[in-house]
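Novice: Pasting in a structure now, in structure tokens, and then I'll have a few things to ask.
FYI, it's all coordinate maths here, none of it is from the lab. As the structure is a computational prediction, the values presented were derived from the model and not from experiment. We place every Cβ from the backbone using ideal geometry, glycine too, and count neighbours over all the protein chains shown.
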Amino acid sequence: MSEPDLAQRALAAARRDPRLGPRFHPSLIEADEAGVLTIEAEVDSVAQKKLVLERVAAVPGVAGVVDRLRVRQTARVSDDGLLDRLRRRFAEDADFAQLRLIETEAGRTRLVRDVPEASGELELEVREGVVILNGAAPGLTCKRLAGVLAWRIAGVRDVVNGMAVEPPEEDAPILIEEAVRLALEKDGELDASQVRVGVRGATVRLTGLVRSAAARAAAEVDAWAVLGVDEVVDEIEIRP
């Protein structure tokens, strides 16, 4: 299969998903001789970003995907502004109190907060609206929560979570479930006790009752933001 043919097959696969459809128009989609696909586009949400990546990666012949998908923002925030918001968010969150905080800006790295006998460290960087997380997390749940909190910052276009997990931890659906539950509990838009979470593979199923459409939407957004989640089935009912 030629490179242009592979790119067109990948585009067609993405558009077959009704949540994307023919309105999905990447500014760039091309494949190289090795079958590595590069795709660049603005999408409306983290959910759309993940759906595109899943659909194109599943096309026969695609050996890998270079992800240049960014979430569209109604108002752009400067990298300095985003870094400031991230710094405050993580400095104030109790779940990250035992991590050293480091930030990199304009090629310079500085220690923001030192912690005696720290359980890990979180390094923050922002480039053109893309948040880059590095450092070492004490567990997969901590790493996943860092990504969720970064996505919640208004103006963030993408999150690249490169945190290592030390000591290494073998992933499992129960750990994805734990991270989704924690993300829901930290969301002030809903009562997390009314939402049930089930995970099979990389698919999250949400059930239960909430009082508004906004709360239901918030729960789904939280689940999509968790690293490792490839699909969210939202069966939450609304009962005011």
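Novice: When Trp151, Trp224 are ordered from fewest to most other Cβ atoms inside 10 Å of their Cβ, what list results?
Specialist: On the way: Trp151 21, Trp224 24.
Final ranking by Cβ density, sparse to dense: Trp151, Trp224.
Novice: For a footprinting-style exposure proxy, rank Val233, Val131, Val46, Val165 by other Cβ within 10 Å, fewest first.
Specialist: Values: Val233 13, Val131 26, Val46 23, Val165 18.
Result, fewest neighbours first: Val233, Val165, Val46, Val131.
Novice: In region 192-234, which residues have a backbone nitrogen under 20 Å from the label point lying 7 Å from Ala94's Cα in the Cα-to-Cβ direction?
Specialist: Inside the label zone: 192-194.
Novice: Also: About the Cα centre of the chain, what is the dipole size in debye to 20, counting +1 per Lys and Arg Cβ and -1 per Asp and Glu Cβ, all else neutral? Walk me through the numbers on the way to the answer.
Specialist: Values: 33 positive and 43 negative charges, 157 e Å.
Computed charge dipole of the chain: roughly 760 debye.
Novice: Another question about this same structure. Using r as the Cβ-Cβ distance of Glu189 and Glu42, and R0 as 25 Å, what FRET efficiency do you calculate, to the nearest 0.05?
Specialist: On the way: r = 25 Å, r/R0 = 0.99.
According to the calculation, E is roughly 0.50.
Novice: Considering the convex hull of the alpha carbon atoms of the chain, report its projected area averaged over all viewing directions, in nm², one decimal. It would help to have the intermediate numbers written out before the result.
Specialist: Values: hull surface 57.0 nm².
Value for the chain: 14.3 nm².
Novice: A further question follows. Please give the FRET efficiency for Ala12 paired with Arg127, using the beta carbon to beta carbon distance and R0 = 45 Å, rounded to the nearest 0.05. Display every interim value, and only then the final one.
Specialist: Working: r = 32 Å, r/R0 = 0.71.
According to the calculation, E is roughly 0.90.
Novice: Sticking with this one: Give the long-range amide H neighbours of Arg127: residues separated by 5 or more places, or on another chain, with amide H under 5 Å away, using H modelled in the peptide plane at 1.01 Å from N.
Specialist: Under 5 Å from the amide H of Arg127: Ile132.
Novice: Based only on Cα atoms, what Rg/Rh ratio does region 65-142 have, Rh being taken as Kirkwood's radius? Please list the in-between numbers first.
Specialist: Working: Rg = 13.6 Å, Rh = 13.6 Å.
Result for region 65-142 is an Rg/Rh of 1.00.
Novice: Sticking with this one: Can you tell me the dipole magnitude for region 79-165 around its Cα centre, using point charges on the Cβ only (Lys, Arg +1; Asp, Glu -1), in Debye to the nearest 20? Walk me through the numbers before you get to the answer.
Specialist: On the way: 13 positive and 15 negative charges, 33 e Å.
Using only the charged Cβ atoms, the result is roughly 160 debye.
Novice: Then there's this: Region 201-239 to region 1-46: how many Å between their Cα centroids?
Specialist: A separation of 26 Å, based on Cα centres.
Novice: Now, a different point. What FRET efficiency would be calculated for the residue pair Ser78, Thr104, taking the C-beta separation as r and a Förster radius of 22 Å, to the nearest 0.05? Kindly include the intermediate steps, with their values, before the conclusion.
Specialist: Working: r = 16 Å, r/R0 = 0.72.
E between Ser78 and Thr104, to the nearest 0.05, is 0.90.
Novice: Separate question: Any chance you could run the full-extension gain for Ala164 through Arg205? It's 0.36 nm times the residue separation minus the Cα-Cα distance, nm to one decimal.
Specialist: On the way: separation 41, 0.36 × 41 = 14.76 nm, distance 2.73 nm.
That works out to 12.0 nm of additional length.
Novice: Express in whole angstrom the spacing between the alpha-carbon centres of region 165-193 and region 107-155.
Specialist: Here the two parts' Cα centres lie 17 Å apart.
Novice: In debye to the nearest 20, how big a dipole does region 1-95 give about its Cα centre with +1 on each Lys and Arg Cβ and -1 on each Asp and Glu Cβ? Please list the in-between numbers first.
Specialist: On the way: 16 positive and 17 negative charges, 98 e Å.
It works out to roughly 480 debye.
Novice: Then there's this: Looking only at region 155-198, which residues have a backbone nitrogen under 15 Å from a spot 7 Å from the Cα of Ser212 in the C-beta direction?
Specialist: 187-192
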